[in-house]
Amino acid sequence: MNETLVTLVGNAATAVEFRETATGGMARFRFAVTPRRWDREKQLWADGHTSFYTVWAWRALAVNLAGSVSVGEPLLVHGRLKVREEEQGGQRRTFVDVEAVAVGHDLSRGTAAFRRAIRAEPGLTERPERVTDGDAEPPPQGRERAGEMAAVS
């Protein structure tokens, strides 16, 4: 299937709305993109027409967006472009969405400090089958290995 991938540079226009779903987190926010052009006659920068997009994110990206993005922050959004038409109040309206693959702060306009998200490893949080209290021996520590005796003082 052919998909149109886009990379947009702009600002978060609304707060991130986050919802927990049966398949994981879902987040969305409105994203504003305003082109700037140099006006030779006036010798200054002029803003063009602002385009608005609804950015959708799922699972880990959705959770991280909710904890990282605020209104007005400069961002880059990379994802799949989706155009849909709906009828509202007797009028046909066109909506442009981006299903995000990656979102980041625009470092040409400020600084950011990255914090890696900590994901629980299932092996660390799940109890192994057929193990009851007292049945399991703790794993060897330090230099102790199978078949070696630990020095007792």
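Ranked by accessible surface with a 1.4 Å probe, highest first, in what order do Phe31, Phe95, Phe52, Phe18 come?
Numbers: Phe31 0, Phe95 45, Phe52 100, Phe18 80 Å².
Of Phe31, Phe95, Phe52, Phe18, the descending order of accessible area is Phe52, Phe18, Phe95, Phe31.
Surface calculation, 1.4 Å probe, protein heavy atoms: Glu73 sits at approximately 50 Å² accessible. Cβ-Cβ distance of Ala46 and Arg109, R₀ of 22 Å, FRET efficiency by 1/(1 + (r/R0)^6): the value works out to about 0.75.
Accessible surface of region 1-106, 1.4 Å probe: 50 percent of it comes from carbon and sulfur atoms.
The values are calculated or read from the model by the stated rules, or taken from the named source; none is laboratory data. Bear in mind the structure is a predicted one, so any value in this text is a computation, not a measurement. Positions of Cβ are generated from backbone atoms using ideal geometry, with glycine treated the same way; all protein chains shown enter the neighbour counts. Surface areas here come from the heavy atoms of the whole protein model, side chains and all, with no ligands, DNA or RNA. Shrake-Rupley method; radii C 1.70, N 1.55, O 1.52, S 1.80 Å.
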